[in-house]
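Structure record follows, encoded as structure tokens.
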Amino acid sequence: MTYIPTSPNERDAMLKTVGVKSLDDLFDAIPKKHRFPELDLPPALTEMEAASLLSEMAGTNENVREHMISFLGAGAYNHYVPAVVDHMLRRGEFYTAYTPYQPEISQGTLQAIFEYQSLMTNLTGMEVSNASHYDGATATAEAVNLAFAQFRGKRKKIVMSPTVHPQYREVIRTYSQGMGLEEAGDDVSVNPEVGPEALMSLVDESTMLVVVQYPDFFGRIHDYTKLIEDAHAKGALVCIVANPTALLMLKTPADMGADIVVGEAQPFGIPLWYGGPYLGFFTTKKSYVHKMAGRLIGETVDNRGQRSYVLTLTAREQHIKRERATSNICTNQGLLALAAAVYMSALGKTGLQQVANLCYQKAHYAANELDKIDGFELCFAEPFFHEFVLCCPKPASEVNEYLLEHGIFGGYDLSKDYPSLNNHLLVAVTEMNSKQEIDTLVEVLKEMSHE
Amino acid sequence: MNSTSTSLSAKIIEPTVFELSSPGRIGVTMPASDVPETALPPKNLLRSELPLPELAEVDVVRHYMRLSKFNYSVDDGFYPLGSCTMKYNPKINEDTCRYTGFLYTHPLQPVETVQGNLVLMYELQEWLKEISGFAGMTLQPAAGAHGEFTGVLMMAAYHKSRKDTKRTKMLIPDAAHGTNPASAGMLGMSVVTIPSDERGNVDLKALAAACDDTVVGMMLTNPNTLGMFDEHIEEVVALVHKCGGLMYGDGANLNALLGIVRPGDLGFDVMHINLHKTFSVPHGGGGPGSGPVGVSERLVDFLPSPLVGIIEEADGDTAPLYGFVTPKQSIGRMKAFHGHFGGGLVRAYTYISMHGPDGLKAISQYAVLNANYLQARLRSTYKIPYDRICMHEFVAEGSFEGSDVRALDIAKRLMDYNFHPPTNYFPLIVHEALMIEPTETENKDTLDRFADALIKIAEEAKSQPELLHDAPHITPFGRMDEVKAARELVLCCWLPENYETLK
């Protein structure tokens, strides 16, 4: 199958205009001994055959809609996506356009992203949102870049809570390899009972950034107001990694005084898709806008007096600043920022509040019921939103294996990242989990504990 | 900060979702709770208000439909944006990437339950290695620039592992895309710019002079942003390798090379591949992209973790078990989870499976034919500063002697002829550059209409220059005041101040 529309006659006419005899003659500049390698690839399929092959591969997976009951979260959440979201995403005008460099013929993308920016600032309470990053982890790493640029490299210490998503911390370590940073707080062997105030002893005059998560990786809701006040007293910036669904209900990070609020917006209209592509959001105060990486859309007027939108502050970016740019980013997650905007608009204030409330209610019902089972208990007493840690009577890996045999993904095994938390499952519950599913989980675990 | 609009007098063509909102209007609703009620957290942990829009579903659909019509896209017409490879995006990709089994798999579920995803990723890794000639491949990077950063991190890690710590210089040709120096800058390397010679190749003398034992490597786009395949590529690679440097290939222009030559065979050590350019993943109005990175044998151990690998070999009738493996000296993780699986990898896999070796070669042959055909048709009207057989794109000068018309005016005027303009003002080494990449998915009629339009515009530039200065005329929006946008910085909007009392 091919998407080349040129007929043999047209090809010959074009070759003649170019002044060569054959297609292969166009490639004389290529070293002869390496020219035209035989590629060892399977022969071409037709569309019908490819559709069948891919369908078969997809069918091999156990998915969380048709086969499995799932309580997996840990940074990727199974939420309902209203039909309207994908219908808008499937408009070729949106998904087959490039980055909106030519604003006269890109107002659709530009206004949609401007609205996305506005929705995210209203959600987080912050003043500015960029047009998005690759995912929550890289958005968090960009917060480190912002802080580094803000202090011009004069402060080099970053204090990271061990209850920031382990993969996010890992990405920060990868990203900052060239900065010579000093990292503190990122000690997964510390007692998880210790609250965020313990971090303060690590914050000093050389600290550029404190990174905490809200709710934290264990699902707990902390009010970071005091921590932020204290960090500010030492001159450090504070970044909160937030779950957007939780923000629909909880005190905003802006109200706590956060300087940067980032996170993973996958819960807003983006399917699980085995981990990507997702949508990193990045919001901050207006005073840091010039240090912020990523695309930014601003309002203006055109020469006909019409309100319109353009990419702005592009002088920060790599194509102008080259090696002096804060970041090398050229794209955002355009289409997925559109997904989040349509999701938020279609559910609206009421629908979004319903989603948050359902997550909260169902998670608490599940926690309550699980806590009653012999040998099982909730690990932490702090308030939580839709995710919590369950202490099990045996290693979490064994519990998960037992649940898997009963068609259930039990939760995330925390021992993978926290060696001391061997019997600990991170359980996520969303509006997609019915009472019946939760009851099934409880029943199966009861059976297990009696065996 | 609450200046809702700087442009109060401006005419509103399409209101924002905040302006369309009405108190109490209901959109998509959720089911009632089926569990006993739990009290909410204490009030001091709750937000006081949620200032988000309220719309009905029909309002939402019409709003985004109207917005979509303000966009020009590949589905609308010819989009010859140089170095962006705006080829047609096959519709089947949009279906396969949404198959239930792909859409609803969680990134942390046990590998035994996602063998379909893992086989797809493993085979795609193998295919991309075969196409590019590399020994190893990571699918993790989220975009081209992300892949570049990954590559540069591996180059640094390689030298560090050999205790070769003097190396701090990255060599980058003057024609390079801005991401190349920015990626090197992110690791604190200094950038040495290498000039191009009069045929658009790397200037070998300048390169030789810059090569010493402080060189990390060279970042080269080949074919470069002039659309030229470097005629001395083997000498370039040899010079860099001889001084102990590594060769980075920017894969932005891979659409010219499928089945034509493999960068790995030419001696490149590392290269990112833009699945959203070469392998038909749609650009999405600026992402998500997908930027796998291939490496030569000596960098395999430094690849990001995790990679997809076989964790239990096949045994008799049992298929192998695919899972995740960590390279020995990995630079670490580049993003959460496993890369742009659904949006990037499934589409690219679908596309490659439908082409096979001959189909892939045809893509590059016709991409190059189309570019050369346009170049031949425009040669007598527009100055082509580097005029030889080009690869998949070429650069013309968008200015004429004795005229004040600029490349920007030509670009804007093309919109009136229903074409997306070429990339302009890039590469920086060409005066008033117009960088034209037609791709293989356009027919001769389209190319002829585009060439005719550009020739007509060249005439207009002489006879009615104001027609170009004021262009575009027939688009829904005219030229924007970009200075105002940067000066006033209105970056978001809110519900009107008196919202609750409205209506």
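Quick notes on this one:
- Diffusion coefficient of chain A by Stokes-Einstein, Kirkwood radius over Cα pairs, 20 °C, 1.002 mPa s: 87 µm²/s.
- Proportion of all alpha-carbon pairs of the range A:1-41 beyond 16 Å (%): 54
- C-alpha long axis of helix A:136-150 to longest principal axis of chain A, angle in °: 90
- Ranking A:235, A:442, A:103 by Cα position along the charge dipole of chain A, where only Lys, Arg, Asp and Glu carry charges on their C-beta atoms, puts A:103 farthest toward the positive end.
- C-alpha center-to-center spacing [the range B:179-210, the range B:318-354] in angstrom: 32
- Helix A:396-405 and the longest principal axis of the C-alpha atoms of chain A enclose an angle of approximately 70°.
- Simple Cβ-charge dipole of chain B, Lys/Arg +1 and Asp/Glu -1, about Cα centre, in debye nearest 20: 720
- The GluC sites (Glu not before Pro) of the range B:400-503 meeting both criteria, a DSSP state outside H, G, I, E and B (loop) and at most 11 other C-beta atoms within 10 angstrom of the site's C-beta, are B:401, B:497.
- In terms of surrounding Cβ atoms within a 10 Å radius of their Cβ, B:474, B:410 rank from fewest to most as B:474, B:410.
- Cα shape, chain B, gyration tensor, a/c 1.5 rule: oblate
- Each Lys and Arg Cβ is given +1 and each Asp and Glu Cβ -1; about its Cα centre, the protein assembly as shown then shows a dipole of about 2540 debye.
- Taking the range B:367-503 and dividing mean pair separation by its residue count, relative contact order in percent (alpha carbons under 8 Å, at least six apart): 25
- Cβ charges +1 (Lys, Arg) and -1 (Asp, Glu), total dipole of the range B:357-475, debye: 240
- Chain B, helix-only ellipticity at 222 nm - DSSP H runs n ≥ 4, -39,500 (n - 2.57), divided by all residues, nearest 500: -9500 deg cm²/dmol
- Residues B:25, A:90 arranged by fewest to most Cβ contacts within 10 Å: A:90, B:25
- Legend note: in chain B, cysteines whose Cβ sits 4.7 Å or more from every other cysteine Cβ are B:84, B:97, B:390, B:492, B:493.
- Shape of the range B:94-353 from the C-alpha gyration tensor: prolate (a/c of 1.5 or more and a/b above b/c, with a ≥ b ≥ c the square roots of its eigenvalues).
- In degrees, nearest ten, helix A:166-175 long axis to first principal axis of chain A (Cα): 50
- Neighbour net charge for residue A:396 - beta-carbon separation under 12 angstrom, K R +1, D E -1: -2
- Kirkwood-based shape ratio for the range B:357-475, expressed as Rg/Rh from alpha carbons: 0.99
- Listed by Cβ neighbour count within 10 Å, with the fewest neighbours leading, B:197, A:135 appear as B:197, A:135.
- The spacing between the range B:426-503 and the range A:316-382, judged by their C-alpha centroids, is 36 Å.
- Three-way shape call for the range A:86-343 based on the alpha-carbon gyration tensor, with the a/c threshold at 1.5: prolate
- Of A:363, A:51, A:210, farthest towards positive along the dipole that unit charges on Lys, Arg, Asp, Glu beta carbons give chain A: A:210
- Cβ-derived FRET efficiency at R0 35 Å, residue A:189 paired with residue B:45, nearest 0.05: 0.75
- Charge context of residue B:397, other residues only, Cβ under 14 angstrom, K/R +1, D/E -1: -1
- When the Cα positions of A:41, A:201, A:281 are compared along the charge dipole of chain A, A:281 comes out farthest toward the positive end, with charges on each C-beta of Lys, Arg, Asp and Glu.
The numbers here are math on the coordinates, done by the rules we state, and not lab data. All of these numbers come straight from a predicted model, not from anything done at the bench. Reconstructed Cβ throughout: ideal geometry from the backbone, glycine too, with neighbour counts over all protein chains shown.
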